[in-house]
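S.K.: Please find one structure pasted underneath; my questions will follow.
The values are calculated or read from the model by the stated rules, or taken from the named source; none is laboratory data. Everything numeric in this text was worked out from a predicted model, so none of it was measured. Every residue, glycine as well, gets a Cβ built from its backbone with ideal geometry; the counts of neighbours run over all protein chains shown.
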Amino acid sequence: MSSRRRFIAGSAATLGLGALPGTAAADAQAAPAAAGTGSAAAPTRPPNLVVVLADDLGRGELGAYGQKLITTPRLDGLAAEGLRFTDAYSTAAVCAPSRCSLLTGLHTGHATVRANPSGAQGSLTAADTTFAQVLRARGYRTGVIGKWGFGPESADQDSHPNARGFEEFHGYIDHGHAHQYYPAYLWHNGVKEPIAANAGGAKGAYAPDLLRSGRSTSSTATPPNRSSCCSPRPCPTLPATSPPTARTPPGRGAPPTRATPPR
């Protein structure tokens, strides 16, 4: 029996396919027009898509929105060259449910994950359709790098990113594990890979640096020349651990010294 969730997910997938340039629907509409003019319509190149999600980052914590104590030059640059939204809506004030809504397009009244885990890890199901699955159906290569946040911590299960439309994954599966900036391991697709530099509680490898290395994005850059990358960063969620050495953006003075980095 069809449920409302399945109906909405199927409708979202259909609408998503129709909204992208170069789809079969768009090609079908363009063909008669081209035939009538005697000229061939130039193919539309689908856009590459990058989604950056920063856990617990408030709008007032970016320079583009008035922040003066910390520097966010790259995000400020994106705002200056693109659009800056002054009115926005989030489906939840915490990580897991807002991430679930972002991935599935469902508000928390219909979403599978509606709260941060206080016991058992919140998980996606086989009935949840993510935007990555919609893009895969359109021929995109897809990857997710960083905090997935929907356990359990095992491969070959419905809540794993590889099962929810992402071809390439590097990062944390579990919500609580993503609070560790010097983890003993990270996941690469279905493989749990130990980080030797962090063995025994050592702090030799800063996870955001490892995730920024680009090892997980190689497959998304191959033909058919359309890719989608979702990057849910663990920063600045608690415990907001700083890297071993301070980083000063080019052209900026040294940041203020603080015992705990501002969130």
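S.K.: Of the residues in the stretch 29-73, how many are modelled with pLDDT under 85, farther than 17 Å from Thr86 by Cα and not in a loop (DSSP other than H, G, I, E, B)?
M.R.: The total comes to 10.
S.K.: Mind telling me which of the residues Gly200, Gly204 ends up being part of a loop (DSSP other than H, G, I, E, B) and surrounded by fewer than 17 Cβ atoms within 10 Å (Cβ to Cβ)?
M.R.: The conditions single out Gly204.
To keep it simple, each residue is scored yes or no on (1) of a type in the set (Asp, Glu); (2) modelled with pLDDT of 95 or more; (3) part of a loop (DSSP other than H, G, I, E, B).
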position: Gly139; (1), (2), (3): no, no, yes
position: Gly146; (1), (2), (3): no, no, no
position: Phe150; (1), (2), (3): no, no, yes
position: Ser154; (1), (2), (3): no, no, yes
position: Asp158; (1), (2), (3): yes, yes, yes
position: Phe166; (1), (2), (3): no, yes, yes
position: Ala178; (1), (2), (3): no, no, no
position: Tyr181; (1), (2), (3): no, no, yes
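S.K.: Kindly establish whether Ala120 is of a type in the set (A, V, I, L, M, F, W, C), out of contact with any Leu (no Cβ under 8 Å at 6 or more places or on another chain) and over 22 Å from Ser228 (Cβ atoms).
M.R.: Answer is yes for this residue.
S.K.: So which residues in the stretch 118-160 are under 21 Å from Ser98 (Cβ atoms) and without any contact (Cβ under 8 Å) to a residue 24 or more places away in the chain?
M.R.: Ser118, Gly119, Ala120
S.K.: Looking only at the stretch 63-106, count how many residues are closer than 30 Å to Gly151 by Cα, aliphatic (A, V, I, L, M) and touching a helix residue (DSSP H, G or I) at 6+ places or on another chain (Cβ under 7 Å).
M.R.: 4
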